[in-house]
Each structure stands twice: as structure tokens, then as C-alpha cells.
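The values are calculated or read from the model by the stated rules, or taken from the named source; none is laboratory data. Computed from a predicted structure; not experimentally measured. In this analysis, Cβ positions are derived from the backbone assuming ideal geometry, glycine residues included, and neighbour counts consider all displayed protein chains. We work out accessible area using only protein heavy atoms, side chains counted, and drop any ligands, DNA or RNA first. Shrake-Rupley method; radii C 1.70, N 1.55, O 1.52, S 1.80 Å.
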Amino acid sequence: MRRILPILATTATLLLSATAAQAQFLFFGNQNTQQVMIDPATGQPMRQTPRTDGGPRVGASAIPRETVSYAGGHAPGTVIISTQERRLYLVQPGRTAIRYGVGVGRPGFAWAGVKSITRKAEWPDWRPPAQMLRRRPDLPRFMAGGPQNPLGARALYLGSSLYRIHGSNEPHTIGTAVSSGCFRMTNEDVMDLYARVRVGTRVVVTR
């Protein structure tokens, strides 16, 4: 009996170790399955590794895209951004609008006005403007477009300003006020908007 007990203990330890290793493998395997998303237009991956800080998983947004009633006076095709609501509306025919969640400028960086989309870009490069570099000299001077780029999968440039509507590799910030004046969306939402608007589209920003 004394000889059998150590053998049983060793066997149990091995089984537990194998089970733990298998559980870890399955856990990360499932998360990777959820995270990886490929942009059909470019073949670029859109979602990165899982977060480790307890926040929402990368690629997730708590603000669903939806069609809502619209009774305003703007013509179909107009983009309206409400910084107070932290929502973007794309006006549709039939008194409706597609509503998206957006991240907006943090206190001191919010703005209002009328712009037009002057450029569209897929997986844009990022060059922080001089004003941002003065505040954050640690930032890179250039970052090539891709999944790690803070402009995300698409960018819509607003007039001759430094502001953009763009994707984000931090979708948990959608619905918050954290930017330097740009409007950030999930990559999925900015790709949807990008496909619906054209250069010249009117963009109305309200506070």
C-alpha cells in the first residue's frame, strides 16, 4: 500500500499538469479565434492579442451600430457628429440615420464646425502633428499603416485641418473623450462608414 500511494500521487500530479496545460492551450486558442479578423479589402488583420488589464476584448465595442429615426434638416449623405452624445450619424433617405459610437476630443480639445471629407485612406500611415509632438515628444515621428497604427483600418480627413474620422486599435475607448480632437471609431464601424461616404461629403460637428 505504501508503494502504491507515491505512484498514485505522481500519476495525479501528471494528470493535473496535463489538464492545466490543455486548459491553457484551449483558453488562448479560443481567444485568438475571437480576436483575429481580416480586412477583406487588404488582407490585413484587424484585431490584436487579448487585453490583459481586465477591459473589453480588443475589437469589441459596447456601442452597437444601428439605424434610428432622424428628423433634422440635413440632407441624406451628411455626416453629423455630436460630441456631447459621442455619436456619429450618417443621414439616410426616408428620415433615418445610421448611428455609430465614436470617441471624441478630451476636455480642451473638443471643437465644432462644418468640414468636408477631403481624402480617404485605407490603413493610413500616421505622422503626429508638431503640436502633438510638443506635448508628447516620446511619440514616433512616423508609423506605417497597419494593425498597430493608432489611425486603425480607415481614415477620413476633414478639410485642411489636422482632424480625422478614423479607426482605432483601442476600441474600448469608443464613447469616451480621450483624443486630441479626432473622432475614433471601431475598425468595423469606420470600414462601414468609409464604404458609404465619398470625398466631398459634408461633416457637421456639434458640441
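Applying the condition of being at pLDDT 95 or above and open to solvent by 80 Å² or more (accessible area, probe 1.4 Å) to region 68-83 and asking which residue is nearest to residue 195 (Cα to Cα) yields 76. Can you name the residue in region 116-141 that is outside any strand (DSSP E or B) and in contact with a Ser or Thr (Cβ under 7 Å, 6 or more places away or on another chain) and, of all such residues, is surrounded by the most Cβ atoms within 10 Å (Cβ to Cβ)? Residue satisfying both the conditions and the ranking: 123. Against the test of being part of a loop (DSSP other than H, G, I, E, B), hydroxyl-bearing (Ser, Thr, Tyr) and either at pLDDT 95 or above or within 17 Å of residue 81 (Cβ to Cβ) (or both), the options 168, 160 yield a single qualifying residue, 168.
For the condition modelled with pLDDT of 95 or more, touching a Phe, Trp or Tyr at 6+ places or on another chain (Cβ under 6 Å) and under 26 Å from residue 162 (Cβ atoms), what is the one hit in 127, 65, 99, 87? Answer to the selection: 99. Of the listed requirements (1) open to solvent by less than 40 Å² (accessible area, probe 1.4 Å); (2) among the aromatic types (Phe, Trp, Tyr); (3) more than 13 Å from residue 81 (Cα to Cα), residue 109 misses just one: (1).
Residue 75 satisfies every condition listed in (1) among the aliphatic types (A, V, I, L, M); (2) closer than 17 Å to residue 185 by Cα; (3) part of a loop (DSSP other than H, G, I, E, B) except (2). Taking the criterion of being in contact with a Ser or Thr (Cβ under 8 Å, 6 or more places away or on another chain), more than 18 Å from residue 103 (Cβ to Cβ) and open to solvent by 30 Å² or more (accessible area, probe 1.4 Å), the only residue of region 142-160 that qualifies is 160. In a residue-by-residue description of region 144-154, the property of being modelled with pLDDT of 90 or more and either touching a Leu at 6+ places or on another chain (Cβ under 9 Å) or not in a loop (DSSP other than H, G, I, E, B) (or both) applies to at least one position. Within region 190-204, the residues that satisfy the criterion of being of a type outside the set (D, E, K, R), in a loop (DSSP other than H, G, I, E, B) and within 15 Å of residue 75 (Cα to Cα) are 197, 200, 201. Taken as a whole, the structure leaves residue 104 outside the set of residues that are of a type in the set (A, V, I, L, M, F, W, C), open to solvent by 40 Å² or more (accessible area, probe 1.4 Å) and not in a loop (DSSP other than H, G, I, E, B).
With respect to residue 181, is the statement that it is farther than 21 Å from residue 91 by Cβ, touching a Ser or Thr at 6+ places or on another chain (Cβ under 6 Å) and assigned to a loop (DSSP other than H, G, I, E, B) true? When the stated conditions are applied, residue 181 does not pass them.
For region 165-204, the candidate set comprises residues that are hydrophobic (A, V, I, L, M, F, W, C) and farther than 18 Å from residue 63 by Cβ; within that set, the residue that is surrounded by the most Cβ atoms within 10 Å (Cβ to Cβ) is 203.
Residues of region 154-207 that are in contact with an Asp or Glu (Cβ under 9 Å, 6 or more places away or on another chain) and of a type in the set (Phe, Trp, Tyr): 194 alone.
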